[in-house]
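Chemist: Submitted below is the structure of interest, expressed as structure tokens.
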Amino acid sequence: MPTNRRTPTVLILFFGLVAAAGLLPAQAQTDAADPPPPPPPETETEAASTPRDTPQAVFDAAQSAFNARDWNAFVALVSPPRRDQLVGQTALVLANAAQDPEADPRMIELAQRYVPRDVDPMQLMLGSDDPKAEAERLGKRIGRPAEFYAAATKLFFDLQYPDPDTAPQITGLTELALGEDGRSATSQVVLRRPNGEAQDTWTYELHDGQWYLSMR
């Protein structure tokens, strides 16, 4: 009998995934090589340039991107004001995990490639009065943020779900409600997992005439 419980998908995508590093067998750290040069600026993706005139259209695109594990397309559907913050939060999680001497070498390589060398993740996460603002500032410093987010999230998913058949799939919505201001919306998203179904709340916002995920 499927269970019906709430699961914080945002945490799955941006925070909780790093817990996989502690659940997997430890791997010895290789000798650290000089980090590669920072990547050049990226161009706008097709998903970012495609107008989404309703929250339903955003959900449909996000469902397709999530189920295909197309994280470039997924992050392009997040509103620009939130995108920097989510990229920064992902960078903090990755940089913190990469400090573990037994971290997966792929985490170390990603952190060296994308995260500024002067970033102290624990100081930013725990020593700031406004960690969300700190994450947003860090997100603005990441070169090729969509590429970084896609690579980091793919790695987190690979670590947490080594068997792709166990990874969640979004199957649909149970409800989608427009806010009173007409500029926000909320939906209940249904995720299918091997042990049953779960629901999560997704939020949307209107920005410059287009609808986006806001994940607030």
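The values are calculated or read from the model by the stated rules, or taken from the named source; none is laboratory data. None of the values given here were measured: they were computed from a predicted structure. Positions of Cβ are backbone-derived with ideal geometry, glycine not excepted, and every protein chain shown enters the neighbour counts. What goes into the accessible areas is simple: the full protein's heavy atoms, side chains included, and nothing from ligands, DNA or RNA. Shrake-Rupley method; radii C 1.70, N 1.55, O 1.52, S 1.80 Å.
Chemist: Ranked from highest to lowest mean number of other Cβ atoms within 10 Å per residue, what is the order of the peptides 192-198, 113-119? Kindly include the intermediate steps, with their values, before the conclusion.
Modeler: Values: 192-198: 13.6, 113-119: 15.9.
Sorting 192-198, 113-119 by mean packing, highest first, produces 113-119, 192-198.
Chemist: Something else now. Cβ neighbours within 10 Å, averaged per peptide: list 171-183, 136-148, 154-166, 199-211 in order, most packed at the top. Don't skip to the answer; put the middle values down first.
Modeler: Numbers: 171-183: 11.4, 136-148: 19.3, 154-166: 15.1, 199-211: 17.7.
So the order, starting with the most tightly packed, is 136-148, 199-211, 154-166, 171-183.
Chemist: Which log10 I(q)/I(0) values, to two decimals, does segment 97-145 give at q = 0.15, 0.16, 0.21, 0.30 Å⁻¹ under the Debye formula with one point per Cα?
Modeler: Cα-only, vacuum Debye calculation for segment 97-145: -0.43, -0.49, -0.80, -1.16.
Chemist: Just to verify a number: what accessible area does residue 128 come out at with the full protein assembly present, 1.4 Å probe, Å² rounded to tens?
Modeler: 30 Å²
Chemist: So, one more: Viscosity 1.306 mPa s, temperature 10 °C: Stokes-Einstein D of segment 81-216 from its Kirkwood Cα radius, in µm² per second? Don't jump to the answer; show the numbers that get you there.
Modeler: Numbers: Rh = 16.8 Å.
Calculated translational D: 94 µm²/s.
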